[in-house]
Each structure stands twice: as structure tokens, then as C-alpha cells.
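S.K.: Can you read through this structure? Questions will come right after.
The values are calculated or read from the model by the stated rules, or taken from the named source; none is laboratory data. Just so it is clear, the structure is predicted and the values come from calculations on it, not from any experiment. Using ideal geometry, Cβ is built from the backbone for each residue, glycine included, and neighbour counts are taken over all protein chains shown.
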């Protein structure tokens, strides 16, 4: 049986090292996916935090396991990682890493207190004041929960 984790050929060595270390140490990490050429963060909100596991089979790939009670997880797009954090500490960051420009504006919609614009376009709405800033802090990696 093959015990080596298989990574995409374009995955940086540092990313492989961090993922393998996290897998070995059972560390909970957060991955930021994006354009591996420009460093632009895609702004993924879901399935970005967990422990690193590995699939079974002849060519095991890295998986992101939500928590210790989870029975499985999705494959990590290792070649599309532009940033990795653990406990909000940056472990890896693409040399040109950048994310969208987020802005909070007041809403004129009933039941919506705040709206977040991503590069000038509506991307999220919140019913209570303060939720938008927490969401932005999560998206920028300043906090690990929304």
C-alpha cells in the first residue's frame, strides 16, 4: 500500500510541508483558496477550516476534515491555496496574496441592517449591526468564526 500523499504538480513545496505537518500533528488549519498565479483570494467562506486527513486508495490525496467527529471530508485543492493559517497565525502566504476590498453599507431593505460590498458589488446581507464586520474579519483571516 502506498503511504505517500499525492499532491498536484503545481503545489508549492511549502504548502505540502504545512499540510503534512498539520496532518501528522492533527492541527486545525484554515486554507484560503485563490488564483495561484496572481495570489488573489477567491473569498471562499465554507469548507475552509479543519484537520488534514488523507484519502484511501492507491493515490491518497489530502482531505480537509471538518472536526474530530467527522467521518470524512473533501479533497483539498492544494495547488489553489494562497494562504494557510492556524489560530489566525499565517503559516503560508502567496507572495502576491490579496483579497477583495470589503465595505459595509447601511441597508434600506426591511429586516436587513447591513450590506457588505465586495469590490463594489453586494455579496452579503446581515440582519443585525456588527455581523458584517465579524464576517469581514472572518473572510480576511482575522477571526476563525463568523
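S.K.: Looking at (1) free of Cβ contacts under 8 Å to residues at least 40 places away in the same chain; (2) over 22 Å from residue 33 (Cα atoms); (3) out of contact with any helix residue (DSSP H, G or I) (no Cβ under 8 Å at 6 or more places or on another chain), which is the one condition that is false for residue 50?
M.R.: (2)
S.K.: OK, next. Considering segment 31-62 alone, what residues qualify as being closer than 29 Å to residue 101 by Cβ and assigned to a strand (DSSP E or B)?
M.R.: 31, 32, 33, 34, 40, 41, 49, 50, listed by residue number.
Here's the yes/no breakdown for (1) touching a helix residue (DSSP H, G or I) at 6+ places or on another chain (Cβ under 6 Å); (2) over 18 Å from residue 48 (Cα atoms); (3) in contact (Cβ under 8 Å) with a residue 60 or more places away in the chain; (4) surrounded by 12 or more Cβ atoms within 10 Å (Cβ to Cβ):
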site: 68; (1), (2), (3), (4): no, no, no, no
site: 91; (1), (2), (3), (4): yes, no, yes, yes
site: 109; (1), (2), (3), (4): no, yes, no, no
site: 112; (1), (2), (3), (4): no, yes, no, yes
site: 118; (1), (2), (3), (4): no, yes, yes, yes
site: 125; (1), (2), (3), (4): no, yes, no, yes
site: 132; (1), (2), (3), (4): no, yes, no, yes
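S.K.: Quick check: anything in segment 22-30 part of a strand (DSSP E or B), in contact (Cβ under 8 Å) with a residue 12 or more places away in the chain, outside the structural domain of residue 124 (by TED's automatic domain parsing) and out of contact with any helix residue (DSSP H, G or I) (no Cβ under 7 Å at 6 or more places or on another chain)?
M.R.: Yes, segment 22-30 contains at least one residue that is part of a strand (DSSP E or B), in contact (Cβ under 8 Å) with a residue 12 or more places away in the chain, outside the structural domain of residue 124 (by TED's automatic domain parsing) and out of contact with any helix residue (DSSP H, G or I) (no Cβ under 7 Å at 6 or more places or on another chain).
S.K.: Across segment 93-107, what is the total count of residues that are free of Cβ contacts under 8 Å to residues at least 40 places away in the same chain and surrounded by 13 or more Cβ atoms within 10 Å (Cβ to Cβ)?
M.R.: Total satisfying the criteria: 5.
S.K.: Inside segment 67-146, counting only strands (runs of 3 or more DSSP E) that do not spill past its ends, which hold 1 or more residues that are within 17 Å of residue 40 (Cβ to Cβ)?
M.R.: Fully inside segment 67-146 and qualifying: 81-86, 89-93, 102-106, 114-118, 121-126.
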